[in-house]
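Handing you a structure now.
We did not get these values from a lab; they are worked out from the coordinates using the rules stated. Only a predicted model underlies this, so the values are computations on that prediction, with no experimental measurement involved. All Cβ positions, even for glycine, are placed from backbone atoms using ideal geometry, and neighbour counts span all protein chains on display.
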């Protein structure tokens, strides 16, 4: 079997997580807009590519996939997901359908889609009567542009600066991320972890918790959106009930913890290369912890 994989945004934490998780016996090539990013030194071979919105991006990606003889392309960041999902490459790509990606990128569309699927979501409040409320850009990444608004004046100011802002009820509760893998809308396995501490939207301290209370919701989410490949979904537990507010149809920055806890990255990628779903279920190492520490990377000349 071909055990060669091309990963985009190779300098990102999410891409490096997959390269680490695949382990011995796998070759990973990385492409990135920034050819000098230190993280790309972790890959078997690397190459610069244009921005995903550049017409030259897909031809460059296809050329590297062919030149390196890979069996699978795994896009990582949102613009790459959109470009690859709408394209035909010379090798298979592990990516959700365009409609799923578009729904996940819109906070309003996502909230409406999950609510229609019977999944708990925060209430949309276009005319708030109680405060505080939570505001986010309709299309945003991480925690950029997210803020608590405490009164009507703050809401009015935010709407003047961003007419498409999405405002929901404010939720107090434990924040949980579920990292999973789906095959054409069917959940194969997932790991739940509490986001104990975050910085810039990225978990820097996290611990694996039992996934059983959230697994049915994860199945509904994967099915309703038609997810395909690795994904991350986030919720808050309020009065014992999950309220889901984000779904990212891609690798996540803290997914390395879920890989270590039982989401078998190698088995999932191997199955994708062979064009089949992985064996459902898997291990779950509850209590396993992630503590993010930064380090320098020394590259050869």
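Going by C-beta contacts inside 10 Å, put 168, 13, 141 in order with the fewest on the left.
With the fewest neighbours first, 168, 13, 141 line up as 141, 13, 168.
While we're here: As I understand it, the value is the acute angle between the Cα axis of helix 13-22 and the longest principal axis of the Cα atoms of the chain; what does it come to in degrees, rounded to 10?
50
On to the next question. Taking R0 as 25 Å, what's the FRET efficiency between residue 124 and residue 212 from their Cβ-Cβ distance, rounded to 0.05?
Plugging the Cβ-Cβ distance into 1/(1 + (r/R0)^6) gives 0.30.
Quick one: angle between helix 212-225 and the longest Cα principal axis of the chain, in degrees between 0 and 90, rounded to 10, please.
Helix 212-225 sits roughly 80 degrees off the main axis of the chain.
Given the options 81, 263, 89, which has the most mean-square fluctuation in a GNM of the chain, springs set between C-alpha atoms less than 10 angstrom apart?
So, out of 81, 263, 89, the one fluctuating most is 89.
Report, in degrees rounded to the nearest 10, the 0 to 90 angle that the Cα long axis of helix 57-68 makes with the longest principal axis of the chain.
40
Please give the calculated 222 nm ellipticity per residue for the chain, where each DSSP H segment of at least 4 residues contributes -39500 (n - 2.57) and the sum is spread over every residue; nearest 500 deg cm²/dmol?
Computed mean residue ellipticity for the chain: -8500 deg cm²/dmol.
Right, another one. How long are the semi-axes of the equivalent ellipsoid of the range 174-301, taking √(5λ) for every eigenvalue λ of the Cα gyration tensor, in whole Å from largest down?
22, 21, 13
Something else about it: State whether the chain is rounded, prolate or oblate according to the following rule on the C-alpha gyration tensor (a ≥ b ≥ c being the square roots of its eigenvalues): a/c under 1.5 gives rounded; otherwise a/b larger than b/c gives prolate, and the remaining case gives oblate.
prolate
Under the classification rounded if a/c is under 1.5, otherwise prolate if a/b is larger than b/c and oblate if not, where does the range 120-159 fall, given a ≥ b ≥ c as square roots of the Cα gyration tensor eigenvalues?
In terms of gyration-tensor shape, oblate.
Calculate, for residue 60 and residue 36, the FRET efficiency according to 1/(1 + (r/R0)^6) with r their C-beta to C-beta distance and R0 22 Å; round to the nearest 0.05.
0.80
When a footprinting reagent is the concern and you count Cβ atoms within 10 Å, what order do 216, 138 take, fewest first?
216, 138
Take every Cα-Cα distance within the range 1-57, group them into 10 Å bins from 0 onward, and report for each bin the whole-number percent of pairs it holds.
Going from the shortest bin to the longest, the percentages are 26, 53, 20, 2.
Return the whole-Å distance between the Cα centroid of the range 13-39 and the Cα centroid of the range 139-155.
Result: 33 Å between the Cα centres.
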